[in-house]
Each structure stands twice: as structure tokens, then as C-alpha cells.
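The values are calculated or read from the model by the stated rules, or taken from the named source; none is laboratory data. On a predicted model such as this, the values are computed, not experimentally measured, just so you know. With ideal geometry, Cβ positions are generated from the backbone for all residues, glycine too; neighbour counts draw on all protein chains shown. These accessible areas exclude ligands, DNA and RNA; they are computed on the full protein's heavy atoms, side chains included. Shrake-Rupley method; radii C 1.70, N 1.55, O 1.52, S 1.80 Å.
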Amino acid sequence: MSRVDGRGYIRGMAAGAALLLLAGCGRGEDGGGAAKALGKAEVASVLPDAKAVPGWRSLRAPEAREPVPEYPPTVCLATTKKKRATACDGITYWGVSAYVRKPDATSLDFWTLAYEDEQSAEAAYDALAEYYGGDRVGVGAKPVDIGEPGADRVANRAGTGTMGGPATITQLRVGTTVLGVSTGNRGRKAVPDQEVKALAAMFAERAQQAQNGEKPSSGLAGQ
């Protein structure tokens, strides 16, 4: 993994598609602002709602929960028990929201993992990104250029995901949060790079707004 200075309630697609994640990553700047721990309501507010993603039909409205030790979030996976503890044991709240878009039933899933401090989130990000890299990305997986949202970011696309068509997964760290975005469909055309980039930027901005003490309002163009 390169660096640049500077439970089970989750939907099956989000959990399954997560197994296709992520080969290349970067580390940069948060873009300023505080990196405070988020409460349950704040975690829910970070998750994009229907207004933030015009053109998508809601399947699961934003919802946050406290983790249950026996049932950590299904997207929290690591290569060893120690690293899984690093990624999962420190989660204070987590949540998801999910959408779908016709005509090829393209899915769009968001998840947020919140931590007590920035150091815990950074360690968790590293453990999660390591798990989802390498041979777990998927056949022919390639990095997707999403610019530099958040302090850390990684995005890759596999030609065949859990839905049978292209799947793309992005992982980000913004302050005390680790964010995930997955898309997939049954067709042949993947969600375009520019749209993946816009989704990542929007989600990262919502997390930063929450940590700045603001109500997240960032959304895709057209809202």
C-alpha cells in the first residue's frame, strides 16, 4: 500500500461486494477542520440520504447503530485476529444507507465506521485496506482515480462483482471516520470513474462537515 504525505443488518451487496475491494491507496490531507468523535446521530447524518444522491431510489435510509462485540460490522474484516481487533474493536458507531438505479439495477451502498479519535481511525483504515487489497480485489481489478478526498483513500474496480457485472469499491478516512462506497450491477458497464470520484468527494465532505460541527449537506450535482 503506497502512501502520499501530506450485524449483519447491512445489505448483502455491501457485505459481499466488500470482498472485491481495493488495491491502491493514498494518504493526504483531511482538508482542514476538526477531527472530533461523532455521536450516533452524527454518524447517521454523514450517510448520504436520498436528497444527496438524486436519480437513485432508496433501499435503506441512513441508520446508525452501536456495534455488538459478538457481531462486528460485516464490512470490518482484516487479515489477522489482531488486525481485526484494531479495525473493529474501536468502533463507537457504524451505519449504512443503500440505493438502486435502473435500468441495470445498479446498486449504491455507503457505510461509515466511527472511532474515538483520529489515530484509531487511521489504524483501522490501514488494517481494512490491507485486507481488501491483493488477491482479494477480484479478477482483473484496477485502481480508479478518485482524486484526493479525505486523509486516506483507495478505490478499485473488478470486472465481475457479486452481482455478475462490474463492481467498484472505495474506502476513505476522514478524521475519526472510515467510509466505504460500493457500486455494482448485472450489466457490462461499470459506474464511470467520474461518478465514482464524485461519490467519494461528496461522502468525504459530509464526514468533514459533521466533524466541523455542521449538519452534513453535501450532495451530488442535480439535487
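Would you mind finding the one in Ala98, Ala158, Ala105, Ala141 that is aliphatic (A, V, I, L, M) and within 26 Å of Pro216 (Cβ to Cβ)?
Ala98
So, of the residues in segment 159-181 that are modelled with pLDDT of 85 or more and of a type in the set (Gly, Ala, Ser), which turns out to be farthest from Val75 (Cα to Cα)? Across segment 159-181, the extreme among qualifying residues is Gly175. Mind listing whichever residues of segment 159-169 are buried (at least 24 other Cβ atoms within 10 Å of the Cβ) and hydrophobic (A, V, I, L, M, F, W, C)? Matches in segment 159-169: Ala167, Ile169. Take segment 58-99 and flag every residue that is touching a Cys at 6+ places or on another chain (Cβ under 6 Å) and either β-branched (Val, Ile, Thr) or assigned to a loop (DSSP other than H, G, I, E, B) (or both). Of everything in segment 58-99, those that are touching a Cys at 6+ places or on another chain (Cβ under 6 Å) and either β-branched (Val, Ile, Thr) or assigned to a loop (DSSP other than H, G, I, E, B) (or both) turn out to be Pro72, Cys76. Here is the figure for segment 170-223: residues that are of a type in the set (Ser, Thr, Tyr), more than 21 Å from Val144 (Cα to Cα) and surrounded by 14 or more Cβ atoms within 10 Å (Cβ to Cβ) total 3. Any residue at all in segment 135-142 that's open to solvent by 10 Å² or more (accessible area, probe 1.4 Å), at pLDDT 90 or above and not polar (S, T, N, Q)? Looking through segment 135-142, none of the residues is open to solvent by 10 Å² or more (accessible area, probe 1.4 Å), at pLDDT 90 or above and not polar (S, T, N, Q). Among residues of segment 162-173 that are over 21 Å from Ala201 (Cβ atoms), those with a Cβ under 8 angstrom from a residue that is among the acidic types (Asp, Glu) and open to solvent by 10 Å² or more (accessible area, probe 1.4 Å), sequence gap 6+ or separate chain, pair up as Gly165/Asp104.
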